[in-house]
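The values are calculated or read from the model by the stated rules, or taken from the named source; none is laboratory data. Small disclaimer: the values here were computed from a predicted structure and weren't measured. Every residue, glycine among them, receives a Cβ derived from its backbone with ideal geometry; neighbour counts consider all protein chains shown. Heads up: the accessible areas ignore ligands, DNA and RNA and are worked out on the full protein's heavy atoms, side chains in. Shrake-Rupley method; radii C 1.70, N 1.55, O 1.52, S 1.80 Å.
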Amino acid sequence: MPTLPLRVDRAASDPLPAQIAAQIRGLVMAGTLRRADRLPSSRALAGDLGVSRSVAEQAYEQLLAEGWLHTRRGAGTYVAPTALAGVSPPPAVRPAPSPGPTLVRLDTGTPWIDPVHRAGWRRAWREVSAAAPPRGYDDPRGLPELRRALADRLARTRGLDVDPDEVLVTAGTADGLRNLLPELPQGPVAVEDPGYRAAVETVRLAGRRVVDLRAGEPVTDLRGCVAAYVTPAHQHPLGMVMSAADRLGLLAAAAAAGAVVVEDDFDSEFRYDVAPVPALASLDRGRVAYLGTAAKIVSPTLRLGWLVAPASLTAAITHRRRVTHAGAAWPSQRALLTLLRDGWVDKVVRTARRVYAERAPRVAAALAPYAELAGPLAGMYSTWLLPHADAVRARDSARLAGFEINLLRDYSRSSGLTGLVVGFGGVTDDELDRALDALTRGLGQ
Ligand SMILES: Cc1ncc(COP(=O)(O)O)c(C=O)c1O
């Protein structure tokens, strides 16, 4: 009986039986072991490899269960007649490339959550662990108490009067859009340009064409489009607020085209000068699908958002969610409920707004000598227009100092706008100062 060319590595993380089984599988697939070849007894194999007999037995049992080997009572262990032979083994798993130096990201999406609020965060998760989860797949619209709390918040902060049954809890903004798209007729979707990249990608992945809507300009014609995706409270990433006249013009264009307006209301809480502008959806609930998110007021890692769709679409979306088991994770929903009820979200928003109101002018003071601010200061990032080559030089200088900053060109399609998009939420004051120094060094060259 042949001695098999096997070896074990006691320092490896894989258990010894798994190592042996994997190598025997490989020998069969490579054709080294052929159908009906007899294998050594488990005792002999254990002796060859210097392992206990039970290790060899476990390896054989695994391969017997998988159908690679078979055994005849009292007659030994053989390669099964049906086992594939001579098949090339799967390619070795390539080791992941070693990550480069970690850069601190000054992105548009990371909010400032002051560490003073940690106790409230922990309290919410303690409550989650003490609560009993639903027994099975729950209400596809989301946790009823959370939908009630969200409806209250929408009325209080966004001028949006909705019934809790109209609120669908989603796994974030793009998920809300994914929920909506299958319920719309065939056809392209208009998206602001420059605009939200996740929305563009989501529309394309749904097999639809994206039509460019020049950001900041009045929308007068949506003919041929089934929807228009917009950020009226704070254009992403340029920063303008859609004027009252442009809101009415957009709704009229959508009505004329029979299109739905998808309102992405991602960071409207963070105006520092005036009260947040009411949601576009408050003007026409039958035409506007409203998308809200927990990403800026709690954390992007919670992966929660909410969709308030026109009534004509809500039932169909709910049905689809029920049959596909789509929905948001219960623990996150339960935690958000506590964070809303405890007033934690309001406190975080108030603190963060103060921090952004102080940081935004600092960013402006540093960059204004070199670039043009694209919109009013609001939210947790600002966008600066400048030639692409200058933006790249500044970005590279920031990289050398350990910071990653987005280029406006990555948000632009046919508009071709270039510049820098500088987030100031997810960093400390010291990091922001160092990043601004590096950017201005790059711009001053
Ligand atoms: C324009 C815009 N909408 C929505 C979001 C939030 O997305 P999500 O709810 O999927 O976290 C972001 C995050 O950065 C954003 O920039």
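Details
- Accessible surface of region 116-345, 1.4 Å probe: 53 percent of it comes from carbon and sulfur atoms.
- Ala357/Arg94 FRET efficiency (R0 41 Å; Cβ-Cβ; nearest 0.05): 0.30
- Sites matching trypsin sites (Lys or Arg not before Pro) across region 131-210 that sit in DSSP coil, with at most 12 neighbouring C-beta atoms within 10 Å: Arg135, Arg209
- With DNA, RNA and ligands ignored, accessible area of Ser129 (1.4 Å probe; Å², nearest 10): 100 Å²
- Rounded Å value of the spacing that divides the Cα centres of region 313-365 and region 151-198: 13 Å
- Once the C-beta distance of Glu431 and Ala30 is scaled by a Förster radius of 51 Å, the resulting FRET efficiency is 0.45 to the nearest 0.05.
- The label point for Asp273 and the one for Ala65, both projected 7 Å from the Cα toward the Cβ, are 6.7 nm apart.
- Beta bridges by DSSP in the chain, antiparallel share as percent, to the nearest 5: 55 percent
- Rounded to 5, percent antiparallel among DSSP beta bridges of region 199-340: 35 percent
- q = 0.06, 0.07, 0.08 Å⁻¹, the chain: log10 I(q)/I(0) [Debye, one scatterer per Cα]: -0.40, -0.52, -0.63
- Amide H partners (placed H, <5 Å) of Glu192, local residues excluded: Leu213, Tyr229
- In region 272-317, trypsin sites (Lys or Arg not before Pro) in a DSSP loop with at most 16 other beta-carbon atoms within 10 Å: Arg303
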